[in-house]
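Okay, structure first, notes after.
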């Protein structure tokens, strides 16, 4: 990790640039994949699965038998952990369900909003080295709670043509049965446009590699919504010497092991604390199986020395981290200073991994500065709010003239006439 | 308007295709505009304003004097109407502000969400023939209520180099003083990337022509959020013979006058009612200043005969209209059937123009089928929800093992270690 001073950032000498998914070559390749899937449907999905995942898939949909076969392969221990995590995630997300009262804005003019589930949603769960069953919990639970009618899952098969048992167990645990063995940009294309087997989803969720990310961006330009723009995962920690350097080091590393393009920041007002954390990192790093990844990620990461907490929160708000750990004295006096962040972890005993897995908050969060305008995934991500209005005859008498005058001033006379005719009929 | 039968749609013989903004030639032109604005800043904005709006602008920012000069030019009548509409819009949107309770998902694990305003938002208000002060109300009021710190407005100047007095009056009425005389894709680029004069906004709102729409799409791929994908305005009406054919005709026309690319649908189970509406349209059309626009829009519009209300709501849900008027017997028995729509108007006395101007609901709504996954603009559009968690030492003891097991199964050992170290310290 590079040690720098906040003044260097303020002076524009150092830019905390994060990796972005944009890449013309990949974009063109993804455009081609999407257009081929639109044309060729299931057959094209099978071709890509053969060439990218190295396996020939006959039935894209995971069968009941495959699910039943997977269930006993998951340890009792993991099943219990998933159950506890799911309980917490459910509890936190249920609290987000809301209904709004009707509002009578004027006599006889009644307006309200109603939350209605998005009918068909698609969840992308990456495959690769580790099975991200936690992401399935984070997307599947709010989708179920929101009441989405059709929840489909796409995830790439392994070299044996199978989906990892932990993924199938988690899907089954959540009551999700529509699982398709397809990954990459082709999976996103399939969910966005539909194929013979895979239904068209109205909104697509989930993380993925650059191909997946770019595919989601591209389909979002053409009538399929997506959860949010995605980028490499990131963490900022604001700490003072009341924090525990060992814990801070472990949190920085838990982010750094995500991928070589991850970035972590430690924002601190105490140089000796920074040095301590640095030593702890060196020490802990030795034990990590994903050491090589973490090292690369740390190379693009920074210890930033700030002179006080005002600078610390200024920097954090400008950076708008996906994850923000705040481990400082009198932390509750500072929480209102947080303007831009995806998810905030308070104090010595709130590691980022708690939120990644089991505390209840969602781990699908805005990266790459998008926390300035985006929220993480929640129940809200799986519903839309439809507005309603019911105006009575007396209501239109009360509001009619206002509408007429405004319409006339915008030179929209048919708009005006729709009111004038009604007022005439009443009088 | 074309008379068709729902069976022809179901059989795929007729597709209710709407106009989409995508156009390669315009996209390339917009990309060039954006990159020029990034490079050239204010000077480039002035050049484009000269060539597109035909006027040389020295100061991009509207001065206090210009605002003061505009105020007396707005009629008392319009001022009163704006005040009433603003009151209703405020009342309805205030009801959307919410706070969530903290949730203790397990003993010692406390999680919550906090609504935090998006700091800097940009509102695009189109210029052209009519001054859309109503859009400024619909965007400015929730932005103010949400607590956005900086609310900037871009709107193109007229041939005299001025902004329409009704726009300036409305901005001033709402307490918005940062108004810039620039329109089109160049305005979107300026708000997305910032120039010497115009600050960078984190999220851009507002309607516009194809250039504006495509510019918003493009900047949304690069770290600036937008309200929603935009398309031509549209209306579907579900009516039976309890509706008033004159009113229905006036509502169809009020939508049709928006633009030649607007589409309207009348979904009805009574052929003679359809014929009556058709006659009323012919008759009302004669009186309209925007007759030529409405005629073109009606050419791409449909009367759809359905055999019953089940078909009517099936079609409406599939179409997912921006505006939906439902004027049928026992209407409240049917409201739960509405799955996809932007805003719903109930009964004989709820014309779409009420929602366009003054009833209180927002008129910035998802078009082109996007109501399947998107909501209209609301308070929610101007905030993001940050999650927080505070885990105590006893909390991490309760949840720690669950996290360790899950992290281990995802092969993320640094994630596990962040918990293990804490558990060790406690025990």
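Every number here is computed from the coordinates shown, using simple stated rules; none is lab data. Since we're looking at a predicted model, the values are computed, not measured. No Cβ is skipped: glycine too gets one built from the backbone with ideal geometry, and neighbour counts run over all protein chains shown.
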Of every Cα-Cα pair in segment B:208-351, the percentage lying beyond 18 Å is 58
Measuring nothing but label to label, 7 Å from Cα along Cα→Cβ, what are residue B:392's distances to the other copies in nm, shortest first?
5.2
Sorted from fewest to most neighbouring beta carbons within 10 Å, what does the list A:136, B:139 look like?
A:136, B:139
Convex hull over the alpha-carbon atoms of segment B:169-291: what's its volume per residue in Å³?
154
Calculate for chain A the 222 nm mean residue ellipticity that helices alone would give, adding -39,500 (n - 2.57) per DSSP H run of length 4 or more and normalising by residue count, nearest 500 deg cm²/dmol.
-14000 deg cm²/dmol
If contacts are Cα pairs under 8 angstrom and at least 6 residues apart, what is the relative contact order of chain B in percent?
21
Return the single residue from A:406, A:228, A:138 with maximal mean-square fluctuation; model: Gaussian network over chain A, springs between Cα atoms under 10 Å.
A:406
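Please work out the ratio of the alpha-carbon Rg of segment A:299-427 to 2.2 N^0.38 Å and round it to two decimals.
For segment A:299-427, the normalised Cα radius of gyration comes out at 1.82.
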Hey, rough spin-label estimate for residue A:337 and residue B:150, points 7 angstrom out along Cα→Cβ, what's it come to in nanometres?
2.0
Suppose the chain between residue B:160 and residue B:260 were pulled fully straight at 0.36 nm per residue; how much longer would it get relative to their current alpha carbon spacing?
33.3 nm
With bins of 20 Å, the percent of all Cα-Cα pairs of chain A per bin from 0 is 23, 47, 25, 5, 0
Using Cα springs under 10 Å in a Gaussian network model of chain B, which residue among B:104, B:257, B:408 shows the largest mean-square fluctuation?
B:408
Run the Debye formula on the Cα coordinates of the protein assembly as shown, all scatterers equal and no solvent, and tell me log10 I(q)/I(0) at q = 0.04, 0.05, 0.09 1/Å.
-0.18, -0.28, -0.92
If B:279, B:114, A:384 are placed from fewest to most neighbouring beta carbons inside 10 Å, the sequence is B:279, B:114, A:384
Distances in nm, one decimal, shortest first, from residue A:283 to the same residue in every other copy, taking the label point 7 angstrom along Cα→Cβ.
8.9
Across the identical copies, how the residue B:77 labels are spaced - nm, sorted shortest first, 7 Å along Cα→Cβ
8.0
Using Cβ counts within 10 Å as a stand-in for footprinting exposure, how do A:197, B:310, B:105 rank, fewest first?
B:310, A:197, B:105
